[in-house]
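Novice: One structure follows; several queries about it will come next.
The values are calculated or read from the model by the stated rules, or taken from the named source; none is laboratory data. Bear in mind that the values here come from a model prediction, so they are computed numbers and not experimental data. Heads up, the Cβs are rebuilt from the backbone with ideal geometry, glycines too, and the neighbour counts pull from every protein chain shown.
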């Protein structure tokens, strides 16, 4: 029985074994992997939109965007007749240190015979020269200075040179004394005391001349001591060998002189100024004035013993036609002559006064002295000339400075607003503004403060709509050279006015009219018959509404993929493209993009058909966006589209703003942003190879 069961079991096993085939090789596992491919990550701001269109779109305070247009105002001229009271001014000047003609060099010679009496007549030859102890005292005269008789110095140098032309040394135990020939007992200077001048050599000394008076004729006294030739013969020629003393004047500063005077290097000048109407409590303080009439009277007196010629220049007076300075030629005779006084009268009708707010009138009298030739004149540094200037009967055509307050009419001005006709082409939907700003920017050549009493009217001839506004009292004071008047919802009905027009059409033009009260506070400014008030009107519509047809285009490089990522993309058969957009703007947003290759060949359109539409961001009660609305969009990708990722180089994105819903007030700021992030998520299969 057991044998039958065993045989049956073995047969069954053999049978079952014969029903299966043996595998040729083992089967390895596989699994799917996701790969994220970054493409684009960028934050756009509305500031970039404004940069694309600055014709009408501007940026204001708080980075808010607004629509703006402006119009220049035609100049309104103002003027009056003014007078200045008479004024007299005088000044004088001194000649100061002056020059004389070159005095040259003077000299004196002392012969061998004067020093060695025993050798006075020897013929030329070699001799033993004995000592002349205790020395010989010699007095002699210099040659005269040719170009002066006497000079007193404030400074300078008398240079004395002693040249020993003898073959033996010479000593001066008592020094060399120089004196006036008219007073030999009183030396002017003494030099070279106990000094020795060697044979055939020289020495120089300098004397400060400050406070010294030198005549033209000088003499000298000197005791000359010589040890002789020391027992050795020397060549001696008594007719050719001398002790020579020479003198010259250098770097002179002369206080007074009787001399021949050259034309001086430096002119004699009066630089002075005077103040107009110094005693008036509220004078016409002039910055600039042109004259209808007036006299400038000049008187110049010369108290120098030299003829003078030059000019009087009044720096503040210039010709009204060519702006050349008022300059008068002057020729004046020497002191005590019949022509040492010059008078002249100038008609100021062709001149204007260019001054400053200090009303300082500057002038300069500049004259050159004559050359006296060979004639001696006695001149002192304190000699000078004086000038007197009188301004009389001045009638002014225009003046800048301080003038009496006066009322001036302001001509009606028309401001064209027709350029806003395409407003609705820029902005769609029902227009409703929560704020309007109208600025009147005024400028004036007159520098006075104005009190303005102006009215603004707005017109639309097609609808018949007319409205008017008064300038607020707080904004009527016009100081400085420019003034800004602002009309907005805080101080006027400008918002209601514009909203009433905006239902149909905006105003075609504005007018401004009234008068100004000039210089109510007696300030510094300007007024003339040709002066004007001018400026511009700026109308601002803050972007508190939906924007249509506002598109922004940007081209950027995509993130570069690694070679390993590209290998993984090769394996991908399926994927998705994610477009995440955070809309921080208070209006609906549209977005599309295109991926390009290296040569700007189009690869993938994002989305494939219609633009993505992203809802607006939340808006607060003031109309500004708060936070952002997030949108995630997914695009299915096939293998061909996925493979194009490997060639992508650039992405061009397009953003456009749609219109706000339900007439809701929305305000826009340059800092409002839109964040766009694009990336791919691909799926590929990973296999383990048997290697």
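Novice: Of everything in segment 545-556 that's more than 11 Å from residue 652 (Cβ to Cβ) and surrounded by fewer than 15 Cβ atoms within 10 Å (Cβ to Cβ), which residue is modelled with the highest pLDDT?
Specialist: My answer is 551.
Novice: Restricting attention to segment 591-638, and to residues there that are touching a residue at least 60 places away in the same chain (Cβ under 8 Å) and outside any strand (DSSP E or B), which single residue is surrounded by the most Cβ atoms within 10 Å (Cβ to Cβ)?
Specialist: In this case the residue turns out to be 623.
Novice: Within segment 212-229, is there a residue that is assigned by TED's automatic domain parsing to the domain that holds residue 392 and over 30 Å from residue 448 (Cα atoms)? Outline the logic, then answer.
Specialist: Initially, segment 212-229 is screened for residues assigned by TED's automatic domain parsing to the domain that holds residue 392, giving none.
Within segment 212-229, none of the residues are assigned by TED's automatic domain parsing to the domain that holds residue 392 and over 30 Å from residue 448 (Cα atoms).
Novice: On the basis of being without any contact (Cβ under 8 Å) to a residue 60 or more places away in the chain and not in a strand (DSSP E or B), does residue 229 make the cut?
Specialist: Spelling it out, it is not the case that residue 229 is without any contact (Cβ under 8 Å) to a residue 60 or more places away in the chain and not in a strand (DSSP E or B).
Novice: Continuing with this model, one more query. So which of 123, 167, 130, 134 ends up being buried (at least 17 other Cβ atoms within 10 Å of the Cβ) and assigned to a loop (DSSP other than H, G, I, E, B)? Give the steps one after another, and end with the answer.
Specialist: Working: 123 fails: buried (at least 17 other Cβ atoms within 10 Å of the Cβ); 130 fails: buried (at least 17 other Cβ atoms within 10 Å of the Cβ); 134 fails: buried (at least 17 other Cβ atoms within 10 Å of the Cβ).
Matching residue, one of 123, 167, 130, 134: 167.
Novice: Let me ask something else about it. Of all residues in segment 468-492 being surrounded by fewer than 16 Cβ atoms within 10 Å (Cβ to Cβ) and touching a strand residue (DSSP E or B) at 6+ places or on another chain (Cβ under 7 Å), which is nearest to residue 435 (Cα to Cα)?
Specialist: Among those residues, the one meeting the criterion is 488.
Novice: Being more than 34 Å from the chain's Cα centre (by Cα) and either without any contact (Cβ under 8 Å) to a residue 40 or more places away in the chain or crowded, with 16+ Cβ neighbours inside 10 Å (or both) is the filter here; which residues of segment 298-326 pass it?
Specialist: Correct list: 298, 300, 301, 302, 303, 304, 305, 306, 307, 308, 310.
Novice: Residues of segment 272-295 being assigned to a strand (DSSP E or B) and either buried (at least 20 other Cβ atoms within 10 Å of the Cβ) or under 35 Å from the mean Cα position of the chain (by Cα) (or both), which ones?
Specialist: Those that are assigned to a strand (DSSP E or B) and either buried (at least 20 other Cβ atoms within 10 Å of the Cβ) or under 35 Å from the mean Cα position of the chain (by Cα) (or both): 272, 273, 274, 275, 286, 287, 288, 289, 290, 291, 294.
Novice: Working only within segment 452-467, note down all residues that are surrounded by fewer than 18 Cβ atoms within 10 Å (Cβ to Cβ) and under 16 Å from residue 407 (Cα atoms).
Specialist: 453
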